[in-house]
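Colleague: I have a structure I would like to understand better, so I am pasting it below and will then ask my questions one at a time.
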Amino acid sequence: MRYFIQLSYSGTNYHGWQFQPNAISVQETIEKAFSTILRKKIKITGAGRTDSGVHAEFYIAHFDYHKTIIDIEKNVFRLNSFLPADIAIEKIFHVHDDLHARFSAVARTYEYRIITKKNPFLYKKTYRLYKQPDFDLMNKAAKILLEYNDFTSFSKLHTDTKTNLCKIYLAELIVHKNKNDKQNCNIYIFRIKADRFLRNMVRAITGTLLDVAYSKIDFKGFRKIIESKNRSNAGFSVPAQALFLTNIEYKFNNYK
C-alpha cells in the first residue's frame, strides 16, 4: 500500500533532501525514523531534490508498506518524537498505488527571501543585501521569464537532466511587511511557480534578476542571457539559506 507523507523541514543542518553517501540528508534521517517506528526497512521517495541548506515549508514524499497503518495519528506523533526538531511530519495518508510523489506533481512553488536591513532573527533564513536594489526593475524582469521555456542558462552544469525545458506559471516579487517586527525589517520575496525546476535554477535566476535590480544589465540583456542557453552568461547563484520550497501541486483532489 502506498502512503503520502506531508512534511516540512529546515535545511540548515542537511546536505539537501537526497541521500548522500558521506553526509546527512533529510531523506536518510526520515527513512531511519520510519524504519524504527514501523519496524521494517522503509524506502522514502521524495517529490524532488532540494540543495544543501534549502528549506521546505511544504514537501511530499511517499513510501510503500505491506499492510494498512491503523492508527496514523499515533504514528505521526511517534515519528515527530523520534525525529530531530528541524523536521516535522504534518500528516500521512493512503493514496492509490500509481501515484508518485515526484512524477505525479504538476507544479512546484519556491520563494527566495531577501532583506536589506540587518535582523538577527532572520539572518539564517534570508539573504541580506547591503545596497538597496530597484525591486521594481527586478519584478518587471521576472515577468520576462514567462515568455520562455528553455532555461539552460540557469541550470547547474553537467547534470543528468534530459531536458532543460520548463513551463513557468508565475514569477513575481512581493513585499512582506511584518507589523509586529520591532526591527521594522521588510522581507522581499521572489516567488516562482513552474511545472519543474532545474538544479540550481531558482538561485541562478534570482542572482541574475538582482543584476537587473542593480542596473548591471537591462531587460534586453536579461533576454539575451536566457536566449544564449549558456550558464556562464547568467548571474551568480545566491546563497541557499534563503530558498524555501513552499508548495507542490498534484493533478488529483486530496491526493486520491
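The values are calculated or read from the model by the stated rules, or taken from the named source; none is laboratory data. On a predicted model such as this, the values are computed, not experimentally measured, just so you know. Glycine also receives a Cβ, built like all others from the backbone with ideal geometry; neighbour counts cover every protein chain displayed.
Colleague: Under 29 Å from Ile192 (Cβ atoms) and either β-branched (Val, Ile, Thr) or part of a strand (DSSP E or B) (or both): is that true of Ala107 in this structure?
Modeller: For Ala107, the condition - under 29 Å from Ile192 (Cβ atoms) and either β-branched (Val, Ile, Thr) or part of a strand (DSSP E or B) (or both) - is met.
Colleague: Looking only at segment 71-98, count every residue that is of a type in the set (Val, Ile, Thr), touching a residue at least 24 places away in the same chain (Cβ under 8 Å) and over 24 Å from Gly11 (Cβ atoms) and tell me the total.
Modeller: 1
Colleague: Report, ordered by the first and then the second residue, all pairs with beta carbons closer than 9 Å, sequence separation of six or more or different chains, a first member in segment 189-210 that is of a type in the set (D, E, K, R), and a second member that is surrounded by fewer than 22 Cβ atoms within 10 Å (Cβ to Cβ) and assigned to a helix (DSSP H, G or I).
Modeller: So the pair list comes out as Arg203/Ala240.
Colleague: Looking only at segment 73-82, decide whether some residue is out of contact with any Pro (no Cβ under 6 Å at 6 or more places or on another chain), among the aliphatic types (A, V, I, L, M) and over 26 Å from Arg196 (Cα atoms).
Modeller: yes
Colleague: For segment 78-104, which positions are part of a strand (DSSP E or B) and not aromatic (Phe, Trp, Tyr)?
Modeller: Ile87, Ala88, Ile89, Glu90, Lys91, Ile92, His94, Val95
Colleague: What are the pairs with Cβ atoms under 8 angstrom where one residue, in segment 221-241, is in the same structural domain as Ile144 (by TED's automatic domain parsing) and the other, located anywhere, is among the polar types (S, T, N, Q) and part of a loop (DSSP other than H, G, I, E, B)? Sequence gap at least six, or different chains.
Modeller: Within 8 Å, the pairs are Lys229/Asn164; Arg231/Ser155; Ser237/Asn200; Ala240/Ser52; Gln241/Thr12; Gln241/Thr126.
Yes or no, residue by residue, for (1) surrounded by fewer than 18 Cβ atoms within 10 Å (Cβ to Cβ); (2) more than 14 Å from Ala85 (Cα to Cα); (3) touching a residue at least 60 places away in the same chain (Cβ under 8 Å):
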| position | (1), (2), (3) |
| --- | --- |
| Phe4 | no, yes, yes |
| Leu7 | no, no, yes |
| His15 | yes, yes, no |
| Phe19 | yes, yes, no |
| Val26 | no, no, yes |
| Lys32 | yes, yes, no |
| Lys41 | yes, yes, no |
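Colleague: Assuming Val175 fulfils every condition listed in (1) aliphatic (A, V, I, L, M); (2) modelled with pLDDT of 95 or more; (3) exposed (fewer than 14 other Cβ atoms within 10 Å of the Cβ) apart from one, which condition is it?
Modeller: (2)
Colleague: Being of a type in the set (Asp, Glu), assigned to a loop (DSSP other than H, G, I, E, B) and without any contact (Cβ under 8 Å) to a residue 40 or more places away in the chain narrows it down to one residue among Asp136, Asp160; which is it?
Modeller: Sole residue among the options that is of a type in the set (Asp, Glu), assigned to a loop (DSSP other than H, G, I, E, B) and without any contact (Cβ under 8 Å) to a residue 40 or more places away in the chain: Asp160.
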